[in-house]
Amino acid sequence: MRKGNGRRQFLYLVLPVLLQWGIGLAVQMAAGLWWAAESDSTVKVAVNMQQYATELTTVASAITIPLMGFLFWRDRRGTWTGTERPGCFCILVLFVMGAASCITLNSLLMVSRLTVFSQGYQSVAAAVYESPFLVQIVGTGILTPVAEELTYRGMLFRRMRENVGAPAAILFSSLVFGILHGNLVQFLYAFVLGMLLAWVYEQTERLAVPVLLHMVINLVSLFATRWNFFSWMLESALRTVGVTTVSLLVAVAMIKIFFTFTRK
């Protein structure tokens with residue numbers, strides 16, 4: 001546990017999140033200044049910021065990863081860390097768990113109609129899914145999960161865990177993870193998945209496990225959207241109920257299997 005007064009302790013806990021947020025803001029400001037110098041139109045700058053939001057997030061994630069990786073490496077020396085690598089069976093369970101969890105949560109949010117009424121979510125979704133698919137895969141599917149897992153599970157959750165224990169750390173880190181996604185739909189989605197990601201990290205003590213799970217979740221969402229899977233699902237009420245029910249049961253079963261397999 002890191003000793004010190006309350007202010008220092010709070011800064012110690014939230015510094016990784018502030019650094020990640022600051023890097024994202026710096027990248028956006030740099031891009032905005034560049035486009036402002038190229039054009040006198042503030043509207044054009046705003047359009048570019050929206051159009052290239054995924055690319056900017058990808059750049060910010062690429063900058064965040066080595067910094068958080070260094071801080072994570074420095075933090076973990078002599079502290080809580082696992083030694084056993086996840087086996088092939090564990091990885092297979094993670095893939096199925098991630099895919100089923102992604103489909104279940106997306107289905108529930110779509111059925112609730114929150115995705116339709118949330119302008120913030122619509123704006124983010126448009127920025128992500130209208131970017132080139134290769135950018136989506138590299139940025140949203142690979143780099144962003146690595147950067148976020150280093151920040152929220154590798155740093156925030158681990159530091160919280162040292163101070164207040166695993167249950168409170170899982171809850172707090174997931175709340176922060178959800179809130180910083182900026183709108184109600186993404187808050188609910190990120191909060192639930194944040195709980196799952198922190199839990200699998202706690203079970204295995206290997207950061208590679210939530211990183212892999214996060215990648216699977218994001219990539220399944222990208223491919224399902226590109227292949228119009230969710231549109232197909234919503235064409236029929238029976239199909240919607242069937243897909244949601246099956247994916248929920250599979251997700252619960254995989255979580256149970258994972259817990260049994262990794263139980264300490």
*Could you give the longest part of the chain that holds none of the chymotrypsin sites (Phe, Trp or Tyr not before Pro) found in DSSP loops with at most 12 neighbouring Cβ atoms within 10 Å?*
81-226
*Normalised by the residues of the chain, what does the relative contact order come to in percent, with Cα pairs under 8 Å and at least six apart?*
27 percent
*asked:* Spelling out what I want: for every residue of region 59-67, take phi, set θ = phi - 60°, compute 6.51 cos²θ - 1.76 cosθ + 1.60 (Karplus), and round to whole Hz; glycine and proline get x.
replied: 4, 4, 5, 5, 6, 5, 4, x, 5
_Length released on extending from T260 to Q122, taking residue separation times 0.36 nm less the Cα-Cα span_ = 45.8 nm
*With θ set to phi - 60°, apply the Karplus curve 6.51 cos²θ - 1.76 cosθ + 1.60 along region 225-235 and write out the HN-Hα couplings as whole Hz, x wherever there is a Gly or Pro.*
5, 5, 8, 6, 5, 5, 5, 4, 4, 7, 5
*Put a dot 7 Å past each Cα toward the Cβ at A208 and Y12; how far apart are the dots in nm?*
2.9 nm
_Solvent-accessible heavy-atom area per residue, rounded to whole Å², over the chain at 1.4 Å_ = 52 Å²
_Cα lying deepest toward the dipole's positive end in the chain, options F258, I142, L108, charges on Cβ_ = F258
*For a paramagnetic label modelled at 7 Å from the Cα of A26 toward its Cβ, which residues of region 121-164 fall within the zone defined by backbone nitrogen distances under 17 Å?*
147-148, 151
*Would you mind telling me the share, in percent, of accessible area of the chain contributed by carbon and sulfur at probe 1.4 angstrom?*
69 percent
*Rounded to the nearest 0.05, what FRET efficiency is calculated for T225 and N163 with R0 set to 35 Å and r the Cβ-Cβ distance?*
0.35
*Per residue of region 252-262, in order, report the coupling 6.51 cos²θ - 1.76 cosθ + 1.60 (Karplus, θ = phi - 60°) as ³J(HN,Hα) in whole Hz, putting x for Gly and Pro.*
4, 5, 5, 5, 5, 4, 4, 4, 5, 5, 9
*Please give the calculated 222 nm ellipticity per residue for the chain, where each DSSP H segment of at least 4 residues contributes -39500 (n - 2.57) and the sum is spread over every residue; nearest 500 deg cm²/dmol?*
-25500 deg cm²/dmol
*Gain on full stretching of the segment that runs from L184 to S39 - 0.36 nm per residue minus C-alpha separation*: 48.8 nm
*In whole Å, what are the Cα extents of the chain along the three principal axes, biggest one first?*
56, 51, 31
*Ignoring ligands and nucleic acids, what accessible area does E38 show with a 1.4 Å probe (Å², nearest 10)?*
130 Å²
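The values are calculated or read from the model by the stated rules, or taken from the named source; none is laboratory data. Being a predicted model, the structure only gives us computed values, none of them experimental. Virtual Cβ from ideal backbone geometry, glycine too; neighbours counted across all protein chains shown. Keep in mind that these areas ignore ligands, DNA and RNA; they rest on the heavy atoms of the full protein, side chains included. Shrake-Rupley method; radii C 1.70, N 1.55, O 1.52, S 1.80 Å.
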